[in-house]
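The values are calculated or read from the model by the stated rules, or taken from the named source; none is laboratory data. All of these numbers come straight from a predicted model, not from anything done at the bench. In this analysis, Cβ positions are derived from the backbone assuming ideal geometry, glycine residues included, and neighbour counts consider all displayed protein chains.
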């Protein structure tokens with residue numbers, strides 16, 4: 001099977017496995033109402049998804065240096081299927097929702113980076129970063145479809161069917177993995193000579209570490225937005241005059257997530273041409289400006305606010321593939337799986353903290369509604385402020401303007 005076909009097949013598995021990722025954030029206002037959740041509690045349920053990911057990813061992804069990554073991919077898809085179907089049937093409030101979202105996060109650990117490992121193992125050379133960007137950009141498509149299907153199915157039937165649909169999609173991903181995904185390509189790089197969880201060679205590579213920390217900064221902002229964007233848009237709609245243009249908040253979240261696919265690929269192509277560090281820094285600065293502008297202006301005409309949110313969605317993910325491709329390219333020989341494990345664990349650690357921090361800030365500023373959401377978005381923007389600092393702080397010893 002050609003590298004392109006392998007990449008496209010893995011993109012399909014990834015998208016299907018991600019249909020459950022935004023089911024809770026997409027329906028967050030609904031759950032806040034029916035379960036009487038405050039912003040902090042809602043933030044915890046959203047964030048614990050990434051806690052499950054963090055708990056599992058060091059084991060599952062680093063194991064792909066020794067075990068066929070296809071097996072890990074199948075495990076992740078199976079866990080996602082069971083978790084989403086159980087949520088649909090049994091979730092009743094804060095604790096049951098948190099537990100089941102945690103297990104759904106474990107499924108992501110078995111899908112996302114193991115799939116990327118198969119892609120990178122089968123696409124060496126100058127085209128590797130391009131195929132990696134295709135795969136990482138498909139993450140945005142999966143989230144976009146998750147937002148869209150969650151909102152549409154809930155409006156059509158109810159929220160439990162939305163989670164049930166996510167479980168069915170994970171089952172299809174499992175079937176494709178078992179029948180069509182090729183085994184992880186065996187290469188000398190896959191043969192580590194050290195301990196299974198030896199991360200020291202990766203941590204000693206300042207270039208790799210720069211991309212890992214930059215990715216964490218990116219993920220803080222990205223998942224802060226993806227968790228709270230629907231709630232923010234619903235709040236904005238409450239400020240609009242009667243009869244004004246007001247499309248569904250989940251449809252706007254779908255659009256700003258979907259546009260991330262071409263934006264991420266374009267960002268990586270720009271990084272190859274103009275230099276990775278320079279391109280990532282420019283994207284993060286622009287992202288910061290958009291983030292703060294949107295946060296402090298929820299009363300803008302809804303058509304204008306929606307357009308700004310979609311633009312922000314494009315800019316925000318523009319550095320995603322560039323950061324991941326940089327980490328893959330700079331990984332120490334024989335430690336690509338461990339590099340991806342650290343890259344993912346640190347990044348999703350920030351994805352866990354970001355939504356929770358925003359929820360806490362929103363509750364802290366509840367007595368000040370005029371600036372409540374603005375301060376929440378300032379909290380998100382801390383990521384795009386920290387990213388360039390990490391890249392340039394490590395620039396003097398290792399990281400360079402690579403392509």
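Could you check, for the range 4-22, whether at least one of its residues is farther than 30 Å from residue 372 by Cβ and either free of Cβ contacts under 8 Å to residues at least 60 places away in the same chain or over 22 Å from the mean Cα position of the chain (by Cα) (or both)?
Scanning the range 4-22 turns up at least one residue that is farther than 30 Å from residue 372 by Cβ and either free of Cβ contacts under 8 Å to residues at least 60 places away in the same chain or over 22 Å from the mean Cα position of the chain (by Cα) (or both).
Of (1) part of a helix (DSSP H, G or I); (2) in contact with a helix residue (DSSP H, G or I) (Cβ under 7 Å, 6 or more places away or on another chain), residue 95 satisfies all except one. Which?
Tallying (1) part of a helix (DSSP H, G or I); (2) in contact with a helix residue (DSSP H, G or I) (Cβ under 7 Å, 6 or more places away or on another chain), residue 95 fails exactly one: (2).
Does residue 55 fit the bill of being closer than 24 Å to residue 120 by Cβ and either over 21 Å from the mean Cα position of the chain (by Cα) or not in a helix (DSSP H, G or I) (or both)?
Against the criterion (closer than 24 Å to residue 120 by Cβ and either over 21 Å from the mean Cα position of the chain (by Cα) or not in a helix (DSSP H, G or I) (or both)), residue 55 does not qualify.
From 318, 334, 349, grab the single residue that is at pLDDT 85 or above, within 27 Å of residue 118 (Cα to Cα) and either out of contact with any helix residue (DSSP H, G or I) (no Cβ under 7 Å at 6 or more places or on another chain) or in a loop (DSSP other than H, G, I, E, B) (or both).
Exactly one of 318, 334, 349 is at pLDDT 85 or above, within 27 Å of residue 118 (Cα to Cα) and either out of contact with any helix residue (DSSP H, G or I) (no Cβ under 7 Å at 6 or more places or on another chain) or in a loop (DSSP other than H, G, I, E, B) (or both), namely 318.
Read through the list (1) more than 30 Å from residue 8 (Cα to Cα); (2) buried (at least 22 other Cβ atoms within 10 Å of the Cβ), then give the number of the only condition that residue 303 fails.
(2) is the only condition that residue 303 fails.
Yes or no: residue 40 assigned to a helix (DSSP H, G or I) and surrounded by fewer than 21 Cβ atoms within 10 Å (Cβ to Cβ)?
Taking the combined requirement at face value, the residue satisfies it.
Would you confirm, using the coordinates I've provided, whether residue 327 is crowded, with 23+ Cβ neighbours inside 10 Å and modelled with pLDDT of 75 or more?
Taking the combined requirement at face value, the residue satisfies it.
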